Amino acid sequence: MRFKLIFFYFFIFSFFVSAQNDKCKLKINYDLSDVQEKGEISFSVTNLSTKKVKVLKSFHDYKAQLENIFYVDSNGNLLPKDVGTADIDFFKQDKTIVLKPNESRIYKINIFGTFQGSKFLRSEYSYQFDVWFNFIDLIDHRFDCDLIGLEKLKNLKYQPHAVQ
């Protein structure tokens, strides 16, 4: 009887450990090399788990939000621009793709295509801003995923005619 009880506890413990090891893990990396001149942010999502994960084919521009926006006036002063926030979800069902283990998907977001950018920013002016991404709809909701590398991007600068 004692052997069966020990075996039972070992089986339960092994089940929980293996379930935790097989949890969905996605790593997010940002590429900011085109922000200053083009106003474009690229990020990649890499599947670090051992199982396939469904992600959106394209990342909706309404899920990237600009905050703490400042513009540069004609005297070179940095002045705040109040544009509010816009966490808008149109419940648009985008098609998904399957990321195999260690496979990546790259998304590009242009700041002028975001809700605030399209309404309040003009490409001929210089800006400084923070960006955060709402990843709530990125993955299939059947999975409980850890998002590694998730951060707010701070003090990004856009200058339309930046010198290389």
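The values are calculated or read from the model by the stated rules, or taken from the named source; none is laboratory data. The shown structure was predicted, so the numbers you read here are calculated from the model rather than taken from an experiment. Positions of Cβ are backbone-derived with ideal geometry, glycine not excepted, and every protein chain shown enters the neighbour counts.
Key figures
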quantity	calculated
Residues that are among the hydroxyl-bearing types (Ser, Thr, Tyr) and closer than 15 Å to Ser42 by Cα, drawn from region 107-154	Tyr107, Thr114
Residue, modelled with the lowest pLDDT, within region 36-66, restricted to residues that are of a type outside the set (Ser, Thr, Tyr) and farther than 26 Å from Phe112 by Cα	Lys54
Count of residues meeting criterion [surrounded by fewer than 16 Cβ atoms within 10 Å (Cβ to Cβ) and assigned to a strand (DSSP E or B)] in region 55-69	2
Whichever residue in region 70-110 is among the polar types (S, T, N, Q) and assigned to a loop (DSSP other than H, G, I, E, B) and, among such residues, is modelled with the highest pLDDT	Asn102
